[in-house]
Amino acid sequence: MRIGTFSTFSRVLFGIRKNHADLLRAQEQLSSGLRILRPSDDPAGAARSIQLERSLADVGRFQRAAASARTAVDGAASTLQDGSTLFADARELVLQGMNGTLSATDRRALAEEVDLIRTQLLELANQEQAGRYLFGGTETDRAPFVEVVVGGRTRVVYRGSDQSGAVRAGEGFEVALSLPGSEIFSKFAPSGTRFAGLTGVASGTTADEGTGWTELVFRHDSTDPGSLASLGIALVNGGADDTLLGSNVVTIDPVAGTIQLGSGPAVVLPAAGSAASADLVVRNERGGELHLDFSGYAGAAFTGTVLGNGSVSLDGSNYVALSFAETDLELSDPATGSVLHVDTTGVKRAGDELVTFGGRTNAFDVLAGIAEDLRNEDDLVQSELVSRLNERLSDLDRHAEDLLVGLGILGSRSQRLQVSDERATELQAELQGSLSDVRDADFAGVALDLARADHILQVAQAAGARLIQTSLLNFLG
């Protein structure tokens, strides 16, 4: 049976092509380092490779998210560390301001430093990083703290959100990016309304409404001297210079040579005809002043009542007359929305009473109040000024503590992100190893395959050359 020429050619060509393909495949594996170059090389291995590559991509995405989150968290923590220093500086200035040896000029200088600290703290609270505000919660595209004028005073309000943005740092693992500013600089811990104690006012029986601090203005309107005129004692300027309020007992003891207003300090009676007799100032237990003219005093003993009439206002414009019998007088300030209920039965002095809605004042307004107290535009005496600064100091310390708590939380989150990154790195190495086992070529084996394929191709080509000789004698044979 004769084998046709076409069949011989086809077999030789098939063998050469197959061996050439094996050679090319070995060359591709050797140059790329991959065992699986196309799904047909190993369908099961190709599917496993795709699954591992997806897992690696997820791990990489989590790593990038964790790195970005850690940068934001560490940036916020660094900012809070600077804020902690500012709180410490402010506290030191408050304690200096309580020093009785300071002059008014010294305290005004301290007030300027407190104002500067407030400005710096506001800048920190509105800190940006990569175009995102650190302490705005989920509202990262605008400044979280803004200054507004409320009731004639500049206050700071929080315009961010109370929620924290979170990032996925792993499968089923989320970490918050930062803390909202409301948890650090303006966290409220309501503790009731507090009065600085200047006038003797107390809280009423009904709950109050308000935030921050304000001033309750007690005004002296007139003085009723009672029976003092019968002793030849008159009011100086008709009582216009007085600051006492409510009913006060006046006791004159000519034997001891003293006069006393309520439970205030006893004052030595002036000598007849002396310059001091024209304007003798006596004070009650709250510092309310009564100015008396003793020029016509005949030296008689006296115990009687002097009444200081007055009125009170929360907004500084609308005044309510006092009967000093109110135990739950309601006052309001439409500009701030504050509603205050006060007991006026113990009020003995006119003046501006500091009212603090306990635990509801942000750090910036506390610092503003401290600066205002240090300027002492109400002419408070040392003890009264110290009382006010003590009120401010308690709120300042509360906010400093909130900041330290926030700093600890951010430190914990940064550590969690670091651990997450380390775990992701380990997982990435494991996945890369598994992918290499499935997909990568064995260079030693591929080199042998390449040499073998090249040798077989040469043999096939030589054998094919002998098989396809086409001389006439070979054909006839």
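The values are calculated or read from the model by the stated rules, or taken from the named source; none is laboratory data. Remember, predicted model here, so these are calculated numbers, not experimental data. Don't worry about glycine lacking a Cβ; one is built from the backbone with ideal geometry, like all the others, and counts go over all protein chains shown.
Taking the criterion of being assigned to a helix (DSSP H, G or I), touching a helix residue (DSSP H, G or I) at 6+ places or on another chain (Cβ under 7 Å) and charged (D, E, K, R), would at least one residue in segment 133-156 satisfy it?
no
Scan segment 221-248 for residues that are surrounded by 14 or more Cβ atoms within 10 Å (Cβ to Cβ) and within 17 Å of Phe302 (Cβ to Cβ) and report the count.
Summing the residues that are surrounded by 14 or more Cβ atoms within 10 Å (Cβ to Cβ) and within 17 Å of Phe302 (Cβ to Cβ) in segment 221-248 gives 12.
Considering every residue within segment 216-232, establish whether at least one is under 48 Å from the mean Cα position of the chain (by Cα), outside any strand (DSSP E or B) and at pLDDT 95 or above.
Taking segment 216-232 first, the residues under 48 Å from the mean Cα position of the chain (by Cα) are 216-222.
Filter again for outside any strand (DSSP E or B), leaving none.
No, every residue in segment 216-232 fails to be under 48 Å from the mean Cα position of the chain (by Cα), outside any strand (DSSP E or B) and at pLDDT 95 or above.
Please state which one of Gly197, Gly204, Gly210, Gly181 is on the phi > 0 side of the Ramachandran plot and crowded, with 19+ Cβ neighbours inside 10 Å.
The conditions single out Gly210.
So, in segment 327-354, exactly how many residues are under 19 Å from Ser222 (Cα atoms) and assigned to a loop (DSSP other than H, G, I, E, B)? Explain how you work it out, then say what you get.
Taking segment 327-354 as the starting set, the residues that turn out to be under 19 Å from Ser222 (Cα atoms) are 344-352.
Filter once more, keeping what is assigned to a loop (DSSP other than H, G, I, E, B): 344-348, 350.
The number of residues fulfilling the criteria is 6.
Residue check: is Thr251 at pLDDT 90 or above, within 30 Å of Asp397 (Cα to Cα) and of a type in the set (Val, Ile, Thr)?
Details: at pLDDT 90 or above: yes; within 30 Å of Asp397 (Cα to Cα): no; of a type in the set (Val, Ile, Thr): yes.
No, not satisfied.
Quick check on this structure: which one of Gly308, Gly346, Gly273 is touching a Leu at 6+ places or on another chain (Cβ under 8 Å) and either crowded, with 16+ Cβ neighbours inside 10 Å or in the same structural domain as Thr206 (by TED's automatic domain parsing) (or both)?
Matching residue, one of Gly308, Gly346, Gly273: Gly308.
Identify all residues within segment 295-320 that are within 29 Å of Gly151 (Cα to Cα), touching a residue at least 12 places away in the same chain (Cβ under 8 Å), among the aliphatic types (A, V, I, L, M) and not in a loop (DSSP other than H, G, I, E, B); write none if there are none.
Selection gives Val312 alone.
Looking at segment 223-244, I want the residues that are in the same structural domain as Leu261 (by TED's automatic domain parsing) and have a partner that is assigned to a helix (DSSP H, G or I) with Cβ atoms under 6 Å, at least 6 apart or on another chain. Which pairs are those?
Thr223/Gly239
Mind listing whichever residues of segment 45-102 are at pLDDT 85 or above and among the small types (Gly, Ala, Ser)?
Gly75, Ala76, Ala77, Ser78, Gly83, Ser84, Ala88, Ala90, Gly97, Gly100
For segment 108-132, give me each residue that is outside any helix (DSSP H, G or I) and either in contact with a Phe, Trp or Tyr (Cβ under 7 Å, 6 or more places away or on another chain) or not small (Gly, Ala, Ser) (or both). Even if it seems obvious, please write down each step before you answer.
Kept after step one, since they are outside any helix (DSSP H, G or I), are these residues of segment 108-132: 126-132.
Asn126, Gln127, Glu128, Gln129, Arg132, listed by residue number.
Out of everything in segment 117-154 that is among the aromatic types (Phe, Trp, Tyr) and within 19 Å of Ala400 (Cα to Cα), what residue ends up being surrounded by the fewest Cβ atoms within 10 Å (Cβ to Cβ)? Please lay out each step first, then the result.
Applying the first criterion (among the aromatic types (Phe, Trp, Tyr)) to segment 117-154 yields 133, 135, 145.
With the extra rule that they be within 19 Å of Ala400 (Cα to Cα), the set shrinks to 135, 145.
Details: Phe135: 28, Phe145: 25.
Ranking the qualifying residues of segment 117-154, first place goes to Phe145.
Against the condition assigned to a loop (DSSP other than H, G, I, E, B), among the polar types (S, T, N, Q) and either modelled with pLDDT under 90 or out of contact with any strand residue (DSSP E or B) (no Cβ under 9 Å at 6 or more places or on another chain) (or both), how does Thr211 come out, does it pass?
The answer is yes for Thr211.
Listed here are the residues, each with its yes/no results for (1) in contact with a Lys or Arg (Cβ under 6 Å, 6 or more places away or on another chain); (2) closer than 29 Å to Ala125 by Cβ; (3) not charged (D, E, K, R).
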position: Thr305; (1), (2), (3): no, no, yes
position: Leu322; (1), (2), (3): no, no, yes
position: Asp333; (1), (2), (3): no, yes, no
position: Arg349; (1), (2), (3): yes, no, no
position: Val381; (1), (2), (3): no, no, yes
position: Leu385; (1), (2), (3): no, yes, yes
position: Asp395; (1), (2), (3): no, yes, no
position: Gly411; (1), (2), (3): no, yes, yes
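Which members of segment 276-328 meet the condition of being of a type in the set (Ser, Thr, Tyr), within 42 Å of the chain's Cα centre (by Cα) and within 19 Å of Asp343 (Cα to Cα)?
If the condition is that a residue be of a type in the set (Ser, Thr, Tyr), within 42 Å of the chain's Cα centre (by Cα) and within 19 Å of Asp343 (Cα to Cα), then Ser311, Ser313, Tyr319, Thr327 are the ones that fit.
One line per residue, one yes/no per condition, for (1) assigned by TED's automatic domain parsing to the domain that holds Ser103; (2) more than 28 Å from Gly262 (Cα to Cα); (3) of a type outside the set (Ser, Thr, Tyr):
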{"residue": "Ala325", "(1), (2), (3)": "no, no, yes"}
{"residue": "Asp333", "(1), (2), (3)": "no, yes, yes"}
{"residue": "Val339", "(1), (2), (3)": "no, yes, yes"}
{"residue": "Ile370", "(1), (2), (3)": "yes, yes, yes"}
{"residue": "Arg375", "(1), (2), (3)": "yes, yes, yes"}
{"residue": "Asp379", "(1), (2), (3)": "yes, no, yes"}
{"residue": "Leu385", "(1), (2), (3)": "yes, no, yes"}
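Suppose we keep only residues that are in contact with a Gly (Cβ under 7 Å, 6 or more places away or on another chain) and aliphatic (A, V, I, L, M) within segment 342-370. Which one would you say is nearest to Phe188 (Cα to Cα)?
Result: Val342.
Here are the criteria: (1) among the β-branched types (Val, Ile, Thr); (2) more than 30 Å from Val146 (Cβ to Cβ); (3) out of contact with any Leu (no Cβ under 6 Å at 6 or more places or on another chain). Tell me which single one Val339 does not satisfy.
It fails just one condition, (2).
For Val157, work out the one condition from (1) surrounded by 17 or more Cβ atoms within 10 Å (Cβ to Cβ); (2) at pLDDT 90 or above it doesn't fulfil.
It is condition (1) that Val157 fails.
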